[in-house]
1. I'd like the residue in segment A:31-64 that is among the acidic types (Asp, Glu) and more than 9 Å from every other protein chain (Cβ to nearest Cβ) and, out of all such residues, is surrounded by the most Cβ atoms within 10 Å (Cβ to Cβ).
2. Look through B:Ala63, B:Ala57, B:Ala117, B:Ala112 and report the one residue that is open to solvent by 60 Å² or more (accessible area, probe 1.4 Å) and under 30 Å from B:Glu276 (Cβ atoms).
3. Can you give me the number of residues within segment B:168-211 that are away from the ligand (no atom under 16 Å from the Cβ) and either acidic (Asp, Glu) or within 14 Å of chain A (Cβ to nearest Cβ) (or both)?
4. Would you check if there is a residue in segment B:297-308 being over 30 Å from B:Glu411 (Cα atoms), in a loop (DSSP other than H, G, I, E, B) and free of Cβ contacts under 8 Å to residues at least 40 places away in the same chain?
5. Please go through segment B:213-239 and pick out each residue that is acidic (Asp, Glu) and within 13 Å of the ligand (Cβ to nearest atom).
6. State whether one or more residues within segment B:150-167 are assigned to a helix (DSSP H, G or I), within 11 Å of the ligand (Cβ to nearest atom) and either within 14 Å of chain A (Cβ to nearest Cβ) or not acidic (Asp, Glu) (or both).
7. Within segment B:203-244, which residues are under 28 Å from B:Val343 (Cα atoms), open to solvent by 10 Å² or more (accessible area, probe 1.4 Å) and in a helix (DSSP H, G or I)?
8. Looking only at segment A:7-14, decide whether some residue is away from chain B (no Cβ under 12 Å), touching a strand residue (DSSP E or B) at 6+ places or on another chain (Cβ under 6 Å) and under 19 Å from A:His94 (Cα atoms).
Amino acid sequence: MDLYGELILEHSKRPVHAGLRDGFDAEVHHVNPTCGDEVTLRVHLDRAGDEPVLQDLSYDALGCSISTAATSMLAEESVGRPVRETLATYRGIHAMLMSKGADPGDPEVIGDAVALAGVARYPARVKCALLGWSAYLDALARAGVDISGMRP
Amino acid sequence: MPALTAGESARIRADFPILSRTVRGGAPLVYLDSGATSQKPLAVLDAERDFYLRHNAAVHRGAHQLAEEATEAFEGARGRIARFVGAQPDEVVFTKNGTEAINLVAYAMSNAGAPGALDGADPEVARRLQVGPGDEIVVTEMEHHANLVPWQELCRRTGATLRWVGVTDDGYLEDPRSVIGPATKLVAFTHVSNVLGTVVDVADLVSAAREVGVLTLLDACQSVPHQPVDVTALDVDFLVFTGHKVLGPSGVGVLWARPELLAAMPPFLTGGSMIEIVHMERSTFAPPPQRFEAGVPVAAQAVGLAAACDYLDTVGMERVAAHDHALMGYTLEQLAQRPWVRVLGPSDPAHRVGAVAFTVEGVHPHDVGQVLDDQGIAVRTGHHCAWPLHRRLRVPASTRASFGVYTTTAEVDAFLVALDRVPQIFGVSA
Ligand SMILES: Cc1ncc(COP(=O)(O)O)c(C=O)c1O
């Protein structure tokens, strides 16, 4: 089945940066009530420079391969980068997932998450792919980052 | 009673045109999600359409000829549906679905505590309907959220306590007598689990409730589609089912209750069509069932549901049950040959009806469902509105195949072929 490419299976079996780590600024718990998928996610920001940088993103995810892989890709792409850049990645992924298959995603912007392009053809699964991301945005907001205007 | 023959099955399937469509780029549809909602035979669609084409008017409002015909069609449907479950017409209340029917009872019980709500009611019946601090409502751990959350909310509003009969590892109920006692007011439980397919021992729960003289409500949403159901034989006080799972249209549910209970119960929804006399300050209410049917009722849907009862009675509910039993036995036997599949619930097909939920070792149910869907097999994945039950069985979710009268062994085979691709796709050992 083309939806389940190597990258998705790899990320879902060995999620990058998985596990909850101490020293965080905010923790959130998000669920997808239609299927019961859950993620607990923590962000740790470095605010020493001009703009906040995502120093660490740790998480504990319970869910299907799509939601686990998407959260793993989020962590892989985002840790160590300025928050502003991670939000550009989010906008790229969001646009791809909402495109019903028209937008294949730009690997320069969203990295491994281009492997999730097939999800856009299954509207019921888009929520799975966005679960980790919506938790991440919520955690940023709780950590005091102004994300208004950064949402698509 | 023999299961349906291949010829009978083929004739039944011809009545459900949707079953011959294709999905996902040409795969023949294999619809194994009748537990969520059933497909509808042409006879049901025709009955609904005929109502709109020829008799449509607001039921119980107006005296012109169409209003008369619409009212007659609606009340005729009430009688037909009552007969389907062995009840009298005025013991049957139409709601919009099963969920609303359960809420109707829960709200009647909390409204019973309001001043004057039970004026004129038989004092003994009134006492049974009133709920307050110290009282207990009993449910089971295998309930659909529809038969759990309304009782949690009733308890919250009235100060009563919710208690539940637990579920064993193999999907049966634990001893109800450890929970049902003198403080119990009502025992609300499912006839058939929408996840496990477990057929609950209604007689045992009813006798436990009778021993302490308390009310019983049976959620028959998953039994009425698959087997004969008779309110007298079951001996419960309330019985609920939903039209769209019994080949009927969506938008119609049924509450059956003992007439003395309906006579005493205060209304849930209020407004037009449920009144007797209205003044600016206050109103009096119509007798049941109208008292519980505020607003223009679901006439076309009721007519459609009555046609569904005709359809099922023509097949014969005993034979529908035999057919389900044959499918269940075959499916369980086939799944048992796959050690990577864990079937939830009783392993004895005689104790199950309608649904088989399972997990695949190492693969999330959503992913199982996706692989099946890509091959045209429609199953349900998730917690199927029974989250506490999944928690109890220590699985986050499951995949559920469920049957209808039109389901065939060949479809179960197609499901198995598709399922067998799962271990290879996800690299788990088969
Ligand atoms: C056991 C059970 N009870 C209640 C319901 C609620 O029915 P409805 O969704 O039509 O209100 C369902 C199905 O959804 C069910 O399976």
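The values are calculated or read from the model by the stated rules, or taken from the named source; none is laboratory data. On a predicted model such as this, the values are computed, not experimentally measured, just so you know. Cβ coordinates were reconstructed from backbone atoms using ideal geometry, including for glycine residues, and neighbour counts include every protein chain displayed. We work out accessible area using only protein heavy atoms, side chains counted, and drop any ligands, DNA or RNA first. Shrake-Rupley method; radii C 1.70, N 1.55, O 1.52, S 1.80 Å.
1. Checked segment A:31-64; the qualifying residue surrounded by the most Cβ atoms within 10 Å (Cβ to Cβ) is A:Asp56.
2. Just one listed residue meets the conditions, B:Ala63.
3. 7
4. The answer is no, given that none of the residues of segment B:297-308 is over 30 Å from B:Glu411 (Cα atoms), in a loop (DSSP other than H, G, I, E, B) and free of Cβ contacts under 8 Å to residues at least 40 places away in the same chain.
5. B:Asp219 - this is the single residue of segment B:213-239 that is acidic (Asp, Glu) and within 13 Å of the ligand (Cβ to nearest atom).
6. Within segment B:150-167, one or more residues are assigned to a helix (DSSP H, G or I), within 11 Å of the ligand (Cβ to nearest atom) and either within 14 Å of chain A (Cβ to nearest Cβ) or not acidic (Asp, Glu) (or both).
7. If the condition is that a residue be under 28 Å from B:Val343 (Cα atoms), open to solvent by 10 Å² or more (accessible area, probe 1.4 Å) and in a helix (DSSP H, G or I), then B:Ala203, B:Asp204, B:His244 are the ones that fit.
8. No; the residues of segment A:7-14 include none that is away from chain B (no Cβ under 12 Å), touching a strand residue (DSSP E or B) at 6+ places or on another chain (Cβ under 6 Å) and under 19 Å from A:His94 (Cα atoms).
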